1. Run the numbers for Lys98 and Val544: contour at 0.36 nm per residue of separation, minus the present Cα-Cα distance, in nm.
2. Keeping all protein chains in position, work out how much accessible area Ser181 exposes to a 1.4 Å probe, and write it in Å² to the nearest 10.
3. Given a Förster distance of 25 Å, report the FRET efficiency between Ala7 and Lys310 from their Cβ-Cβ distance, rounded to the nearest 0.05.
4. Suppose the chain between Asp179 and Asp532 were pulled fully straight at 0.36 nm per residue; how much longer would it get relative to their current alpha carbon spacing?
5. Give me the percent of accessible area attributable to carbon and sulfur for the range 544-587, probe 1.4 angstrom.
6. Taking only the alpha-carbon atoms of the range 453-498, what semi-axes of the equivalent ellipsoid follow from 5 times the gyration tensor eigenvalues under a square root, in whole Å, largest first?
7. Using only the Cα atoms, work out Rg/Rh for the range 156-290, with Rh taken as the Kirkwood radius, to two decimals.
8. Under 29 Å Cα to Cα from Lys193, which lysines show up? Leave out anything in the same chain fewer than 8 places away.
Amino acid sequence: MDAESIAEGRERWAKRYASAAKREADFTTLSGLETEPAYGPPEGVADPRMARIGWPGEFPFTRGLYPTGYRGRPWTIRQFAGFGNAEQTNARYKMLLKAGGGGLSVAFDMPTLMGRDSDEPASLGEVGHCGVAIDSTADMDRLFDGIDLGGVTTSMTISGPAIPIFCMYLAAAERQGVDISTLDGTLQTDIHKEYIAQKEWLFPPEPHLRLIGDLMEYCSHNIPRYKPLSVSGYHIREAGSTAAQELAFTLADGFSYVELGLSRGLDVDRFAPGLSFFFDAHIDFFEEIAKFRAARRIWARWLRDVYGAKTDRAQWLRFHTQTAGVSLTAQQPYNNVVRTAVEALAAIMGGTNSLHTNALDETLALPTDQSAEIALRTQSVLRDETGVLNVADPLGGSWYVEALTDKIEAEAEKLFLQILALGGEAGTDPAAVATDAMRTDAAARSADGAARHEIGPVTSGILQGIEDGWFNAEIAEAAFTYQQQLEDGTKHIVGVTELHDTVTPDLEILRISGDIEREQNAVLGRRRAGRDNAAVDRALAAIVTAAKGSTNLIEPILEAARAEATLGEICGALREEWGEYRETTGL
């Protein structure tokens, strides 16, 4: 880009910065040196990279979504928490909010994640162990007791049974007297990544996509601030993928959900701002920063050029970050505090919108109050003591970071081509291939017998890749390669592959008593006995009727939640209608 164009860009950014809201704060260094809100090439100097780098708050948003960076608003501290029963988790939430947390993020136990009630045989021994047990709306009432759902943003990390859990959340908000149209938060709902990585699905892909489409429609029309989808790369990376695979598979999943919204007749400029993302911040500091910057750039370009988004908000990639659980070690666990701080700083340098920092003991058990506080304070130290809020995209223009951003983007583009090819589309420019395919009727595109889905070309490739086990195989190969590098000494993990001696004693960890499961089951039994079972039966029958047709399923499921139908009952009714999914490994 020539010097004149760079100067024009700088002037545009300066005008937006001057008119934007900013916090009252000291934006000097620790020694009192003044800092600029953003930096670029010296005046009068050309830089060909600037067309791809841009300025903060300007397409392609490589440098962030806002001209002010964190001077306008810091990232949201959103600590993921949930264990035992609703009362215990409620107490942890209140502790986190009092200690500086800016939003809640709900972790559910395995029975809940699999759409099972706590007293089902398959739930034995798992209740409350990796998150909170939620069986019906009454548990949601207890979970958020004393917490105004109209005044706090809540993220819920659940995909398979996400819609019934969401409806219980709505019913709990109604019982608090909250106008549900004002709710703000995020539901994960990302079923593609379950088939690709985490394996917490209930049904085959088609019914899950129907539920997600119903949710997108419902939120677009009734709860405009609520984000019905958080497209998750975190679990893909935790399964062993590379950074480029995490980026490509996650953004492809996002493109598929855009295609789903368009197939429902929704306006992309209206529903796309309701999509958010969830990424892993791993231990390679610069690679992670480059990944986040490339993610914004790719998403903006595809939303504009392939899917027709016209507004900045529809082109924005908003993302939450969690530090890498897979990087934590049981050996020398206090090293995990350092790892988490480095990973959190990478997320911040990459412009994350919200952040969870893992606790030092999470590789062994759920966090204790003390380790949770250390994780929370890690963010506070980074925010308040390091000066990272002063400058937007402080590493922008770094020769290394910009080259790495370009390289990761190029690797992702290669993977997009492979995904499109799985769905029967060929070419050399993935965005152009997808654009041409979107303009062609799905039936016409399938004339050659290729497996093309009516929702769209990226969706076709993802569903075929799931069916073939392609994603499983790609991630397994990446994980195997990394393990080989650890074993041959090419890569290192301190305390595991080197520097084994330590004076650190064993940690005291949080243990979940078996009494939790017994008490939860007893409460659930009393709840079933005390409710209007005829109303529950009518509500479940209405869900099945809707599932057989094309009626939006959110209202029938919400009615069941209001009647205290259990999660297992709602999901069980849908399982009987839609069946269960069995995967192909591809290995």
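1. 156.3 nm
2. 40
3. With R0 = 25 Å, the Cβ-Cβ based efficiency is 0.40.
4. Extra length from Asp179 to Asp532 when fully extended: 124.6 nm.
5. Carbon and sulfur atoms account for 48 percent of the accessible area of the range 544-587.
6. 36, 9, 6
7. 0.99
8. Output for Lys193: Lys227, Lys291, Lys310, Lys407, Lys414, Lys491, Lys548.
The values are calculated or read from the model by the stated rules, or taken from the named source; none is laboratory data. Worth saying up front: this structure is predicted, and the values here are computed from it rather than measured. Positions of Cβ are backbone-derived with ideal geometry, glycine not excepted, and every protein chain shown enters the neighbour counts. Heavy atoms of the whole protein, side chains included, go into the accessibility calculation; ligands, DNA and RNA do not. Shrake-Rupley method; radii C 1.70, N 1.55, O 1.52, S 1.80 Å.
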